[in-house]
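Right, one structure below, let's go through it.
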Amino acid sequence: LPPSPPAAPPREPPHVVVFPFPAQGHVNSMLKLAELLMLCLPGDDGLRITFLNSEHNHRHILRCSDVSSRFAGRPTFCFKTISDGLPLEAPRSMDKLLGMLSYLKLKARDVLAELTAPADGQSPATCIIADGILSFVIDVGEEFGVPVVLFRTISACSLWAYFCIPRLIEAEELPIRDMDRLITSAPGMEGLLRCRDLPSLCRVTDLSDPFLQFVTIQTGQSTRARGLILNTFEALEEPVLDQIRAHCPNIYTVGPLHAHLKSQLSAAGQVPTRHSSNSLRKEDRSCLPWLDRQPVGSVLYVSFGSATVLKRDQLTEFWHGIVNSKCRFLWVLRPDSIESHVGIPKDNIDAELQTATEERGCIVEWAPQEEVLAHPAIGGFLTHSGWNSTIESITAGVPMVCWPYFADQQVNSRFVSEAWKVGLDMKDRCNRKVVETMIKDLMVGRRDELSRSAVAKANQAMEAVSEGGSSWDHMNRLTEDIRSMSG
Ligand code: UDP
């Protein structure tokens, strides 16, 4: 008898570590990705997912979301926590970002080392999916021989703008001299982006600014990862995706993640009864019965995300503008969203504003946003253009007025208005007259035209996440690649 071939080495079951940067938008989309992976990589080949959450966020998510019931009884999923270096109850404001990143870099190596070579007999990590702004994980992966795939939680268009920063500097388009000049050295975006539409961190006079440096370096590092996951879909961002592919050939566009998750759940016969929540803040669901009482398409939803801080006079201008538009409105005002105030300042708020708000407004501290955007009463969204909010609004077919606050939001709002034509860009303006006019245009004057393109984009999004759609196919490719990485 011929000698039998040597036995193949035993296959490690896939064990994926998902490691987000600890902020609402990042945790939300990466948890959705983890849930999708669980659906698409069934546990029969021993799959495990470890979600690495900051201790602070973990406490909040258990308290505020339905995560504990959604993940209960799933032996293949577990949370592991890591300190972000700040006292547990301290606020996580943007000025703490660089400090948190340095601390995480220091801490994460040991945690990841333990996961790649566990002492407790558990299966070792076979793949790490790390947030794209935690690119130091690529070094850790190389040290321990574990492949790293990055997940950038921003749009492809803003990622491409970040990629172009070194070219913009070389072409002396940065530092900015004239905010309204069209930029010429970002391929694929010529004729579209003005200097004011570049990421806000490009608005510095000193090019050694730590934020600018940080983002440019992180983005350059993406090319070293095994692949890059994006929460977008091909039909929305194909031209810029093609540009990014010249640097990062292996891109998985699997978005919109929240819609994709629902599509895969239905395909698996597990139709969700309601939207799942990954909130770090307690949602006030009382706005839903309020919305039920409003006419179809009559309500403006106003939210500036989890990190925007309004100056007192900006709050006043928005409030007057919204009230003067005569629209009904649902407004998310986080207690920490007004500079130097905790809660909505009660003093000096015009009695006229108070009365109008009682008559046709509803203010909450945090809303179940996906459910709100899907509600038939919503006719428009005044947003800060964070990528999660933008893609959630696109998927719901809700047109937007954009008031970008910082970072990638300046790019998103330009694409919303000029490339995708699903909204209006109010960038760098905040006075009551402009706010009023923009809202009236959105809800009345240009309503039909904007709604038509918004619905068309929403249909494309749904196609992408349906069986055989581009995001569905990219998800299949991602899961196959994760399996082969553990071989
Ligand atoms: N969000 C929410 N309730 C709110 C406001 C926001 O659930 O009242 C969610 C929203 O659905 C989105 C995330 O918080 O998924 C905000 O992410 P985004 O990228 O839009 O902005 P960021 O908070 O990161 O600036």
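Among what's in the stretch 282-297 and is surrounded by fewer than 20 Cβ atoms within 10 Å (Cβ to Cβ) and part of a helix (DSSP H, G or I), pick the residue that is nearest to the ligand (Cβ to nearest atom). Please lay out each step first, then the result.
Start the filter on the stretch 282-297 by keeping residues that are surrounded by fewer than 20 Cβ atoms within 10 Å (Cβ to Cβ), which leaves 282, 284-286, 288-290, 292-297.
Then drop every residue that is not part of a helix (DSSP H, G or I), which leaves 288-290, 292.
Working: L288: 12, P289: 17, W290: 14, D292: 18 Å.
Ranking the candidates gives L288 first.
Name the residue that is nearest to V140 (Cα to Cα), counting only residues in the stretch 77-96 that are buried (at least 17 other Cβ atoms within 10 Å of the Cβ) and aliphatic (A, V, I, L, M).
I82
Using the structure shown, decide if L182 is modelled with pLDDT of 95 or more, within 20 Å of the chain's Cα centre (by Cα) and of a type in the set (A, V, I, L, M). First the steps, then the outcome.
On the way: modelled with pLDDT of 95 or more: yes; within 20 Å of the chain's Cα centre (by Cα): no; of a type in the set (A, V, I, L, M): yes.
So L182 fails the test.
I want to confirm something. Restricting to the stretch 189-223 and keeping residues that are exposed (fewer than 15 other Cβ atoms within 10 Å of the Cβ) and hydrophobic (A, V, I, L, M, F, W, C), which single residue is nearest to E170 (Cα to Cα)?
The selected residue is L207.
Hey, does the stretch 230-238 have a residue that's among the hydrophobic types (A, V, I, L, M, F, W, C), in a strand (DSSP E or B), in contact with a Leu (Cβ under 8 Å, 6 or more places away or on another chain) and under 22 Å from L134 (Cα atoms)? Show your work before the answer.
Start the filter on the stretch 230-238 by keeping residues that are among the hydrophobic types (A, V, I, L, M, F, W, C), which leaves 230, 233, 235-236.
From what's left, in a strand (DSSP E or B): 230.
If we keep only those that are in contact with a Leu (Cβ under 8 Å, 6 or more places away or on another chain) as well, we get 230.
Still in the running and under 22 Å from L134 (Cα atoms): 230.
Yes, some residue in the stretch 230-238 is among the hydrophobic types (A, V, I, L, M, F, W, C), in a strand (DSSP E or B), in contact with a Leu (Cβ under 8 Å, 6 or more places away or on another chain) and under 22 Å from L134 (Cα atoms).
Quickly run through the stretch 298-315 and pick out the residues that are assigned to a strand (DSSP E or B) and of a type outside the set (V, I, T).
Here is the first cut: in the stretch 298-315, the ones assigned to a strand (DSSP E or B) are 299-303, 310.
Once the filter is applied, which keeps residues that are assigned to a strand (DSSP E or B) and of a type outside the set (V, I, T), the stretch 298-315 yields L300, Y301, S303, L310.
Give the residue that is nearest to the ligand (Cβ to nearest atom), with candidates limited to residues of the stretch 298-315 that are more than 25 Å from P368 (Cβ to Cβ) and in contact with an Asp or Glu (Cβ under 8 Å, 6 or more places away or on another chain).
Only one residue tops the list, namely K311.
Looking at the structure I just gave you, is S277 of a type outside the set (D, E), within 13 Å of the ligand (Cβ to nearest atom), touching an Asp or Glu at 6+ places or on another chain (Cβ under 6 Å) and at pLDDT below 95?
Working: of a type outside the set (D, E): yes; within 13 Å of the ligand (Cβ to nearest atom): yes; touching an Asp or Glu at 6+ places or on another chain (Cβ under 6 Å): yes; at pLDDT below 95: yes.
Against the criterion (of a type outside the set (D, E), within 13 Å of the ligand (Cβ to nearest atom), touching an Asp or Glu at 6+ places or on another chain (Cβ under 6 Å) and at pLDDT below 95), S277 qualifies.
Pick from the stretch 316-327 the residues that are crowded, with 20+ Cβ neighbours inside 10 Å and outside any helix (DSSP H, G or I): which of them is nearest to the ligand (Cβ to nearest atom)?
So, considering only residues that are crowded, with 20+ Cβ neighbours inside 10 Å and outside any helix (DSSP H, G or I), the one nearest to the ligand (Cβ to nearest atom) is C327.
Starting from the stretch 365-379, take each residue that is in contact (Cβ under 8 Å) with a residue 12 or more places away in the chain and list its partners that are away from the ligand (no atom under 13 Å from the Cβ) and among the polar types (S, T, N, Q), counting only C-beta distances under 7 angstrom and pairs at least six apart or across chains.
A377/Q294; A377/S298; G379/S298
Scan the stretch 423-435 and report the pairs whose first residue is touching a residue at least 24 places away in the same chain (Cβ under 8 Å) and buried (at least 17 other Cβ atoms within 10 Å of the Cβ) and whose second residue is of a type in the set (S, T, Y) and assigned to a strand (DSSP E or B), with Cβ atoms within less than 9 Å and a gap of 6+ or a chain change.
Close Cβ pairs satisfying both conditions: G423/T383.
Cβ-Cβ under 8 Å, sequence separation 6+ or interchain: first residue in the stretch 205-232 and touching a residue at least 40 places away in the same chain (Cβ under 8 Å) and closer than 21 Å to V140 by Cβ, partner of a type in the set (S, T, N, Q) and assigned to a helix (DSSP H, G or I). Which pairs?
L228/S222
Within the stretch 260-271, is there a residue that is of a type outside the set (A, V, I, L, M, F, W, C), within 16 Å of the ligand (Cβ to nearest atom) and either within 22 Å of the chain's Cα centre (by Cα) or closer than 30 Å to G343 by Cα (or both)?
Residues of the stretch 260-271 that are of a type outside the set (A, V, I, L, M, F, W, C), as a first pass: 260, 262-264, 266, 269-270.
Next, only the ones that are within 16 Å of the ligand (Cβ to nearest atom) stay: 260, 262.
Okay, now just the ones that are also either within 22 Å of the chain's Cα centre (by Cα) or closer than 30 Å to G343 by Cα (or both), so 260, 262.
Yes, the conditions are met somewhere in the stretch 260-271.
Name every residue in the stretch 355-387 that is closer than 26 Å to A156 by Cβ, near the ligand (Cβ under 8 Å from one of its atoms) and either assigned to a strand (DSSP E or B) or more than 23 Å from the chain's Cα centre (by Cα) (or both), in order of residue number.
Selection gives T383 alone.
Anything in the stretch 385-422 that is of a type in the set (K, R) and surrounded by fewer than 23 Cβ atoms within 10 Å (Cβ to Cβ)? List them, or say none.
Scanning the stretch 385-422 gives a single hit, K421.
The rows are residues; the columns are (1) within 24 Å of W387 (Cα to Cα); (2) touching a residue at least 24 places away in the same chain (Cβ under 8 Å); (3) touching a strand residue (DSSP E or B) at 6+ places or on another chain (Cβ under 6 Å).
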| site | (1), (2), (3) |
| --- | --- |
| Q24 | yes, yes, no |
| S29 | yes, yes, no |
| L36 | yes, yes, no |
| L47 | no, yes, no |
| H56 | yes, yes, no |
| S68 | no, no, no |
| F77 | no, yes, yes |
| P87 | no, no, no |
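Table: residues versus (1) out of contact with any strand residue (DSSP E or B) (no Cβ under 8 Å at 6 or more places or on another chain); (2) under 20 Å from S470 (Cβ atoms).
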position: A186; (1), (2): yes, no
position: G227; (1), (2): no, yes
position: N250; (1), (2): no, yes
position: H260; (1), (2): yes, yes
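The values are calculated or read from the model by the stated rules, or taken from the named source; none is laboratory data. Just so you know, these numbers come straight off a predicted model, no measurement behind them. FYI the Cβ positions are ideal-geometry reconstructions off the backbone, even for glycines, and counts take in every protein chain you see.
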